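Heads up, the thing below is written out as structure tokens.
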Amino acid sequence: MNLRQLPNTITLLRIALTGPIIWALATHQYVLVLWLLLVAGLSDGLDGWLVRRYGWYTRLGGYLDPLADKILMMGTYFTVAWTGLLPWWLVAVVVARDLIIVLGAMAFRAMTRSLEMQPLFISKANTFFQIVLVLSVIVNAGVLALPVWYLDGLLLLVLFTTVSSGLAYVLTWGRKAWMHGRSAP
């Protein structure tokens, strides 16, 4: 194996971890879930570090890494809702936001023949809070009871940042599309 492909291999392993994580969640093995999520998180950090440290960027990795994150996040969110740890309406909001972003990016690419996605700060904050929420409800279910006010507040924060980041992308890419249309001959 070419070392340049090591980050992509690590990313593929993270995708493969999604199945065991879903299984462990569905069978209420919450401590195992937390360990598997720790491994997934560390692998995400490691592949990113390898790319930055050694310049091992590949086009495939540029697509594969965010795809792995989405597969893991969506698989976890669906399973956490299925087990009753999160409400389905929140999963619907999270999925709708991601679909709007992906469909908007595809439309922009079709219009302009170019697309450079730079994550917005609100989107990074949203991802952070989504992860904290999932970890918190898993900890609450099987490790340590957390205060209801904390879980409810976190749920509302995730709702707010999910909607806000979705709107921010719509406004940002809408403005870029409008500017592109104005500059076209």
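The values are calculated or read from the model by the stated rules, or taken from the named source; none is laboratory data. Everything quoted here is computed from the prediction, not taken from an experiment. When we count neighbours, we look across all protein chains shown, and the Cβ atoms used for this are built from the backbone with ideal geometry, even at glycine.
Checking the stated criteria, Val94 turns out to be outside the structural domain of Leu25 (by TED's automatic domain parsing), over 22 Å from Pro7 (Cα atoms) and modelled with pLDDT of 95 or more. Every test in (1) within 20 Å of Met74 (Cα to Cα); (2) surrounded by fewer than 17 Cβ atoms within 10 Å (Cβ to Cβ); (3) touching a residue at least 60 places away in the same chain (Cβ under 8 Å) is passed by Lys124 save one, and that test is (3). Of all the residues in segment 46-86, those that are closer than 20 Å to Ile138 by Cβ, more than 14 Å from the chain's Cα centre (by Cα) and free of Cβ contacts under 8 Å to residues at least 40 places away in the same chain number 2. Return a yes/no flag: does segment 113-136 have any residue that is over 23 Å from Gly45 (Cα atoms) and part of a helix (DSSP H, G or I). Taking every residue of segment 113-136 in turn, none turns out to be over 23 Å from Gly45 (Cα atoms) and part of a helix (DSSP H, G or I). Among the criteria (1) part of a helix (DSSP H, G or I); (2) touching a residue at least 40 places away in the same chain (Cβ under 8 Å), the one Ala110 does not fulfil is (2). Among the residues of segment 19-30, some residue qualifies, meaning at least one is under 16 Å from the mean Cα position of the chain (by Cα) and among the aliphatic types (A, V, I, L, M). Is it true that Thr112 is closer than 19 Å to Lys70 by Cα and out of contact with any strand residue (DSSP E or B) (no Cβ under 7 Å at 6 or more places or on another chain)? It is false that Thr112 is closer than 19 Å to Lys70 by Cα and out of contact with any strand residue (DSSP E or B) (no Cβ under 7 Å at 6 or more places or on another chain). When segment 155-173 is filtered for residues that are touching a Leu at 6+ places or on another chain (Cβ under 6 Å) and crowded, with 18+ Cβ neighbours inside 10 Å, only Val158 remains.
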